[in-house]
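Before any comments, here is the structure.
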Amino acid sequence: MAGKAKTVFYCTACGNETPKWAGRCPACGAWNTIVEQESTPKGRSSGRGSLGKIVKAIPITDIEEGREIRFSTGMGELDRVLGGGAVKGSLVLVGGAPGIGKSTLMLQISSSLCQTFSVLYVSGEESVGQLKLRAQRLNALGSRLLVLSETNLSDVLAAVEQEAPEVLIIDSIQTLYDPEADSAPGSVAQVKGCTMALMQLAKSQGITVFVIGHVNKEGSIAGPKVLEHMVDCVLYFEGDQHLNYRILRAAKNRFGATNEIGVFEMQTQGLTEVENPSKMLLSGRPEGAPGTCVTCVMEGVRPVLAEIQALLAPTTYGGGARRSCNGFDYNRAAMLLAVLEKRGGLKVSVCDAYMNIIGGLTLDEPAADLAAILALASSYLDKPVPENTAAIGEVGLTGELRTVNHLDQRLSEVRRLGFEACVVPKRRGKSTGVPEGLRIIEATHIGEAIRQVLGK
């Protein structure tokens with residue numbers, strides 16, 4: 001006898017299920033994230049699988065090693081983010097704001113992949129005629145590229161069974177719905193159920209599945225947070241729609257490093273790869289202007305140079321000093337301002353402070369602390385940091401400078417981009433190789449670094 005359907009509630013932020021509605025999730029503490037869905041009770045297990053076969057586990061040592069299961073997508077920057085290429089039988093979630101370039105990227109790699117594999121591109125947002133028009137503009141036509149305009153999950157699975165593609169692209173997961181599910185299309189339950197069906201398809205048939213997902217105003221995938229835990233890889237497309245550059249970041253990767261980035265430039269003919277992001281991020285840097293300093297951060301295994309801009313101006317409005325950060329953690333910026341005043345002797349508490357990272361990059365590692373301190377001090381003293389000087393190091397609450405990991409790689413990238421000097425912590429532990437032509441400026445405290453660079 002079939003069980004009676006019951007109502008359950010779960011959080012769209014963390015996926016935690018609760019028996020009743022609440023304004024705040026008891027697991028993650030998020031407000032107004034509890035939604036309702038229908039759920040059928042689980043039946044008792046009979047020891048058999050869903051198809052009536054007996055499920056049996058096997059020793060891991062008895063599993064035969066197959067041939068290489070990783071393949072190139074045809075775009076080096078995407079391969080880098082994926083850890084060296086796509087993996088057969090994996091499910092990759094590509095998220096980003098509408099219009100950022102997700103569909104363009106997927107259609108471009110479809111054109112490249114169809115030279116070797118059979119590809120099925122399923123769109124729930126465009127007709128096949130519209131897809132062809134966009135493919136012509138991107139020069140992404142191929143005889144082995146199959147397109148389908150469909151939102152019904154059952155019809156999509158039937159098309160996969162009939163065509164047997166090696167690569168499946170879904171654009172987007174929010175438009176796909178399961179007619180057997182008792183919920184509205186686009187709901188959280190539908191997104192979660194369709195993703196699970198695609199995951200089972202990928203694992204059982206060895207199909208590589210790319211799923212496009214739109215993000216909400218908070219910057220996360222529009223759907224339950226648990227969706228990111230279900231897939232193998234989560235890639236986020238970042239960037240300002242008013243600028244040409246786009247950054248593809250790996251937030252999760254079961255087959256490679258996380259926080260790896262790929263850089264693209266949006267042009268009329270589609271996305272083009274930017275093989276030297278450091279040069280791109282530093283292009284247009286002002287000459288002899290105070291309030292700017294360059295640092296080197298690690299994006300996965302890639303060293304990337306980034307420009308930190310700071311502006312300190314006397315507070316003229318009532319209500320205290322203003323603080324604003326773009327691409328830099330607000331709380332860390334506040335901490336550095338406090339250290340700069342207490343340990344550096346600069347009266348920055350009476351100034352409005354603004355920080356900006358050029359190029360849409362987000363800096364979230366302590367290696368950028370020293371460059372931020374020098375940029376802030378440069379703006380306060382109205383003295384520019386020498387154009388050929390970079391800074392790498394972590395700043396503590398006592399104003400001391402601490403070393404960071406991968407310093408050798410960072411210094412090599414600094415020198416490769418033409419910089420002649422770099423400020424680093426004096427205590428660096430084991431010996432660090434210094435590239436030829438690069439002068440190292442050592443400092444133990446932020447006050448010492450400011451004096452050596454700005455002459456205070």
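The values are calculated or read from the model by the stated rules, or taken from the named source; none is laboratory data. Nothing here was measured: the structure is a model prediction, and the numbers come from that model. Backbone-built Cβ (ideal geometry, glycine too); neighbour counts: all protein chains shown.
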How many residues are surrounded by fewer than 21 Cβ atoms within 10 Å (Cβ to Cβ) and closer than 12 Å to VAL395 by Cβ when one looks only at region 343-353? 1
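Each row is one residue, and each column tells you yes or no for (1) more than 30 Å from ASN244 (Cβ to Cβ); (2) charged (D, E, K, R).
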position: GLY360; (1), (2): no, no
position: ALA371; (1), (2): no, no
position: SER379; (1), (2): no, no
position: GLU387; (1), (2): no, yes
position: VAL395; (1), (2): yes, no
position: ARG402; (1), (2): yes, yes
position: VAL414; (1), (2): no, no
position: LYS426; (1), (2): yes, yes
position: ARG451; (1), (2): yes, yes
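One line per residue, one yes/no per condition, for (1) crowded, with 16+ Cβ neighbours inside 10 Å; (2) among the charged types (D, E, K, R); (3) touching a strand residue (DSSP E or B) at 6+ places or on another chain (Cβ under 6 Å):
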site: PRO185; (1), (2), (3): yes, no, yes
site: VAL188; (1), (2), (3): yes, no, yes
site: GLY193; (1), (2), (3): yes, no, no
site: LYS203; (1), (2), (3): no, yes, no
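Starting from residues that are in contact with a Pro (Cβ under 8 Å, 6 or more places away or on another chain) and among the aliphatic types (A, V, I, L, M), keep the ones in region 258-280 and report whichever is modelled with the highest pLDDT. Before you say what the answer is, go through the steps one by one.
Taking region 258-280 as the starting set, the residues that turn out to be in contact with a Pro (Cβ under 8 Å, 6 or more places away or on another chain) are 261, 263, 278.
Then keep just the ones that are among the aliphatic types (A, V, I, L, M); that gives 261, 263.
Working: ILE261: 87, VAL263: 90.
Checking each candidate, the answer is VAL263.
Could you please find all residues in region 1-11 being of a type outside the set (Lys, Arg) and at pLDDT below 70?
Of region 1-11, the ones of a type outside the set (Lys, Arg) are 1-3, 5, 7-11.
Of everything in region 1-11, those that are of a type outside the set (Lys, Arg) and at pLDDT below 70 turn out to be MET1, ALA2, GLY3, ALA5.
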Tell me, which residue of region 245-259 that is of a type in the set (A, V, I, L, M, F, W, C) and under 9 Å from the mean Cα position of the chain (by Cα) is surrounded by the fewest Cβ atoms within 10 Å (Cβ to Cβ)? ALA251
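For region 243-283, what are the residues that are among the small types (Gly, Ala, Ser) and in contact (Cβ under 8 Å) with a residue 24 or more places away in the chain?
As a first pass, look at region 243-283 and keep what is among the small types (Gly, Ala, Ser): 250-251, 256-257, 262, 270, 278, 283.
ALA250, GLY256, ALA257, GLY262, GLY270, SER278, listed by residue number.
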Mind listing whichever residues of region 227-278 are part of a loop (DSSP other than H, G, I, E, B) and of a type in the set (Phe, Trp, Tyr)? PHE255
Go through SER103, SER149 for me and flag whichever is small (Gly, Ala, Ser) and within 21 Å of ALA250 (Cβ to Cβ). SER103
Tally up the residues in region 90-107 that are farther than 17 Å from VAL122 by Cβ and aliphatic (A, V, I, L, M), please. 2
Can you find a residue that is more than 19 Å from PRO303 (Cβ to Cβ), modelled with pLDDT of 95 or more and among the aromatic types (Phe, Trp, Tyr) anywhere in region 412-424? no
Answer residue from region 18-35, given it is loosely packed, with under 14 Cβ neighbours inside 10 Å and in a strand (DSSP E or B) and is modelled with the lowest pLDDT among those: TRP31
Take the conditions crowded, with 19+ Cβ neighbours inside 10 Å and either more than 22 Å from ALA372 (Cα to Cα) or of a type in the set (S, T, N, Q) (or both) and apply them to GLY300. Does it pass? no
Just a yes or no: is a residue in region 155-177 touching a His at 6+ places or on another chain (Cβ under 7 Å) and at pLDDT below 95? yes
Surrounded by fewer than 22 Cβ atoms within 10 Å (Cβ to Cβ), part of a loop (DSSP other than H, G, I, E, B), of a type in the set (Gly, Ala, Ser) and modelled with pLDDT under 90: which single residue out of GLY223, GLY219 fits that description? GLY219
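Starting from residues that are polar (S, T, N, Q) and touching a helix residue (DSSP H, G or I) at 6+ places or on another chain (Cβ under 8 Å), keep the ones in region 324-378 and report whichever is nearest to MET280 (Cα to Cα). Walk me through how you get there before you give the answer.
Here is the first cut: in region 324-378, the ones polar (S, T, N, Q) are 324, 326, 331, 349, 356, 362, 378.
Now narrow it down to the ones that are touching a helix residue (DSSP H, G or I) at 6+ places or on another chain (Cβ under 8 Å): 349, 378.
Details: SER349: 34, SER378: 24 Å.
Among those that are polar (S, T, N, Q) and touching a helix residue (DSSP H, G or I) at 6+ places or on another chain (Cβ under 8 Å), it is SER378.
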Tell me, please, whether a residue that is free of Cβ contacts under 8 Å to residues at least 40 places away in the same chain, hydrophobic (A, V, I, L, M, F, W, C), in contact with a helix residue (DSSP H, G or I) (Cβ under 9 Å, 6 or more places away or on another chain) and surrounded by fewer than 18 Cβ atoms within 10 Å (Cβ to Cβ) can be found in region 390-398. no
Among (1) among the β-branched types (Val, Ile, Thr); (2) at pLDDT 90 or above; (3) farther than 23 Å from GLY99 by Cβ - the single one ILE212 does not satisfy: (3)
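Out of the residues in region 304-341 that are in a helix (DSSP H, G or I) and in contact with a strand residue (DSSP E or B) (Cβ under 8 Å, 6 or more places away or on another chain), which is surrounded by the most Cβ atoms within 10 Å (Cβ to Cβ)? First the steps, then the outcome.
Residues of region 304-341 that are in a helix (DSSP H, G or I), as a first pass: 330-341.
Now narrow it down to the ones that are in contact with a strand residue (DSSP E or B) (Cβ under 8 Å, 6 or more places away or on another chain): 330, 333-334, 336-337, 339.
Details: TYR330: 12, ALA333: 20, ALA334: 13, LEU336: 26, LEU337: 24, VAL339: 20.
Across region 304-341, the extreme among qualifying residues is LEU336.
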Which residues, counting only those in region 226-260, are closer than 17 Å to THR104 by Cβ, polar (S, T, N, Q) and in contact with an Asp or Glu (Cβ under 7 Å, 6 or more places away or on another chain)? ASN244
